[in-house]
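What follows is calculated from the coordinates using simple rules that are stated; it is not laboratory data. Note that the coordinates shown come from a computational prediction; the quantities given were computed from them, not determined experimentally. Quick reminder, even Gly has a Cβ in these numbers, built from the backbone with ideal geometry, and neighbours come from all protein chains shown.
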Amino acid sequence: MKEKNRHISMKTKAAWRKNINISDVDSFLEEQRQEERIGTVADKSDAELFLSETIPSTEKSLKKARKDKFSASPKYCISLENSSKVPDPIVKRNRVTNDAKITKRTSQVSRLEQKKLKSLVGNRKSLRGVKNSFNKDIWAEEAVPSELKHEWFPEHVVLHHMKNTGKPLVKVAESTHAKPNAVQNVEIPASGASYNPSIDDYNELKQTVIEKERKKIKHSEHLDRVVTKKFIKMSKEEREAMVLKEMSEGLFENADKTTAAADEEDSENEYSAVNQPVQNKKKKRSEKNRQFRAVARRNLEAITKVELKKLKDINKVKELSTELNKKEKGIAKKRENRAKRMEEKLQKPGRVAYLQYEEPEDDFLEPTELADSLRTLAPAKSLVADRFKSFQKRTLIAPKKHRDGIPRTNRSTLKKWKRYTLSTHKEAP
């Protein structure tokens with residue numbers, strides 16, 4: 001047994017709490033809390049305190065016991081039940097039922113998950129209705145369709161072929177089937193290029209050819225002005241003299257220049273402070289007040305300026321509306337021009353290789369070259385060359401440089417075969 005501590009200090013409250021025995025007080029308070037939770041004997045009814053037993057027949061007792069057993073809550077849920085008799089301190093508490101919680105959770109899930117849940121519930125309901133009824137024997141061997149049965153092929157070969165062959169269903173992006181541009185496969189030539197055109201169609205074709213030639217001349221003149229004329233033409237002797245002058249720059253200067261440069265360097269080497277020292281001059285009270293009033297005056301002027309502008313804008317409502325309408329019209333016009341440019345871009349060939357597509361020459365003939373009939377008409381170009389250019393314009397193949405548009409091997413690169421006569425196979429003279 002432990003010896004009692006005879007020398008106990010009772011000077012402070014901590015010593016009193018440590019050494020005093022209050023077990024009887026704790027037990028009393030615990031009993032009081034228990035009564036508040038479950039209630040006292042006086043508060044309970046006779047049905048809760050006493051049980052009147054009757055002895056029924058054996059069949060009814062077993063049936064009732066089984067029924068009570070299944071209707072009663074399981075033992076592991078007893079700890080979750082509220083057995084306290086203490087009233088809720090918050091009278092107006094927001095109590096949420098299980099149905100409300102379920103609806104809240106279902107509202108947070110996505111539509112796809114809701115569809116999955118609905119399908120699962122529907123499947124369960126359907127399974128409950130058709131329970132223990134199967135139309136197909138899952139353990140039966142797979143049967144071969146009558147269309148695929150053949151005397152030369154056994155069933156297992158046909159089944160293996162059916163499982164391991166076939167075109168898989170793959171979702172392909174729409175951009176893979178989209179055309180790179182809106183160029184037609186076969187373009188209809190201009191009506192003025194006919195062998196017997198009308199005067200108006202012929203003049204229209206002539207005007208388009210003239211416009212194209214003017215654009216080409218204008219582009220070449222622009223390149224000549226911007227690129228070619230920017231470079232100075234000089235002879236070999238002038239270039240050598242210019243290089244010698246640039247390389248010998250600064251080698252043969254006068255002595256006066258060197259001394260002047262040395263004096264300048266000495267003067268630059270003298271010390272001089274970048275930031276001059278500043279005295280901390282305290283402002284007087286009157287100067288501070290003057291500065292404060294100046295700042296307040298500037299702020300007041302800015303506020304009055306904004307308010308006056310608002311009043312002026314109210315009187316300019318009609319002008320502002322006209323400006324807004326003008327801007328909207330300008331935006332609509334820009335949108336139309338952008339759509340037009342996109343349509344024109346679709347009619348042009350895209351860039352496939354380092355070479356750009358070059359439009360073929362128009363089928364324009366001079367008035368003297370026009371034929372009277374189809375018999376005397378000379379063919380303008382080859383049908384193969386026309387189709388080859390069409391492939392290039394539709395960006396199906398890369399443009400290449402050929403003489404007439406027909407791809408062919410370069411004969412200069414081919415090996416030239418020579419005929420030799422071996423000494424052992426010389427013919428007799």
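Looking only at region 326-341, decide whether some residue is out of contact with any helix residue (DSSP H, G or I) (no Cβ under 8 Å at 6 or more places or on another chain) and closer than 26 Å to Ile199 by Cβ. Don't jump to the end; show me each part of the working.
First, the residues of region 326-341 that are out of contact with any helix residue (DSSP H, G or I) (no Cβ under 8 Å at 6 or more places or on another chain): 326-341.
Filter once more, so that each one left must be closer than 26 Å to Ile199 by Cβ: none.
Among the residues of region 326-341, not one is out of contact with any helix residue (DSSP H, G or I) (no Cβ under 8 Å at 6 or more places or on another chain) and closer than 26 Å to Ile199 by Cβ, which makes the answer no.
Listed here are the residues, each with its yes/no results for (1) within 44 Å of the chain's Cα centre (by Cα); (2) of a type in the set (A, V, I, L, M).
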| site | (1), (2) |
| --- | --- |
| Leu346 | yes, yes |
| Pro349 | yes, no |
| Tyr357 | yes, no |
| Pro360 | yes, no |
| Asp372 | no, no |
| Arg375 | no, no |
| Ala378 | no, yes |
| Phe388 | yes, no |
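Got a number for residues in region 345-361 being under 20 Å from Pro189 (Cβ atoms) and exposed (fewer than 11 other Cβ atoms within 10 Å of the Cβ)? Talk me through it step by step, then tell me what you get.
Initially, region 345-361 is screened for residues under 20 Å from Pro189 (Cβ atoms), giving 347-349, 357-361.
Going one step further and asking which of them are exposed (fewer than 11 other Cβ atoms within 10 Å of the Cβ), we end up with 359, 361.
Total satisfying the criteria: 2.
To keep it simple, each residue is scored yes or no on (1) surrounded by 10 or more Cβ atoms within 10 Å (Cβ to Cβ); (2) in a helix (DSSP H, G or I).
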| position | (1), (2) |
| --- | --- |
| Ile188 | no, no |
| Gly192 | yes, yes |
| Tyr195 | yes, no |
| Arg225 | yes, yes |
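Among the residues of region 157-186, which ones are of a type in the set (Val, Ile, Thr), surrounded by 11 or more Cβ atoms within 10 Å (Cβ to Cβ) and free of Cβ contacts under 8 Å to residues at least 12 places away in the same chain?
Quick first cut of region 157-186, residues of a type in the set (Val, Ile, Thr) only: 157-158, 165, 170, 172, 176, 183, 186.
Now restrict to residues that are surrounded by 11 or more Cβ atoms within 10 Å (Cβ to Cβ): 157-158, 183.
Hit for region 157-186 is Val157, nothing else.
What pairs come out if I take residues in region 206-222 that are of a type in the set (S, T, N, Q) and pair them with residues that are surrounded by 10 or more Cβ atoms within 10 Å (Cβ to Cβ) and not in a helix (DSSP H, G or I) whose C-beta lies under 8 Å away, six or more apart or interchain?
Thr208/Ala190; Thr208/Asp362
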